[in-house]
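Accompanying notes for the structure given below.
Throughout, read-outs are computed from the coordinates displayed, never taken from laboratory work. In this text the structure is predicted, and so the values were computed from the model without any measurement. Quick reminder, even Gly has a Cβ in these numbers, built from the backbone with ideal geometry, and neighbours come from all protein chains shown.
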């Protein structure tokens, strides 16, 4: 810097260190500070993702949820039948999330509620569906 009287370019820095540009970039990437974070820690965010863990925020929206992966075509048909026993909002959450495979975060946008509220509705709906399926003797007690 003193020779140039300015900040060197990446190319100039690589040349002074006797390495090519890609090696320099690799070293710079490795030298960047790293921070360990808990994926289960609940954090707050300004854009309506309050009370979500980092895992929930980082979820791949294109990946099938474990629940959706378990539902076969026959199971989906049974769920459709059971949806009629749910309140409209709960049925909508189940329909969008499991049948149409829309991530809960996007379901929240559709229903114009927070992701945490959709999570509550989702859990309530699953509880009701379990009760209905048990009454139909499709699930063990």
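Across segment 78-93, the residues whose backbone nitrogen lies under 16 Å from the label position 7 Å along the beta-carbon direction of residue 112 are 89.
Return 36, 96 ranked ascending by Cβ neighbour count within 10 Å, so the fewest neighbours appear first. Let's see the in-between values first.
Details: 36 4, 96 18.
Ranking 36, 96 by Cβ neighbours within 10 Å, fewest first, gives 36, 96.
Net length available on complete extension from residue 9 to residue 30 is 5.7 nm, with 0.36 nm assigned per residue and the Cα-Cα distance removed. Counting beta carbons within 10 Å around each of 98, 27 and listing the fewest first gives the order 27, 98. Cβ crowding within 10 Å, taken as a proxy for footprinting-reagent exposure, orders 93, 110 from fewest neighbours to most as 110, 93.
Label positions at residue 120 and residue 19, each projected 7 Å from the Cα along the C-beta direction, are separated by 5.3 nm.
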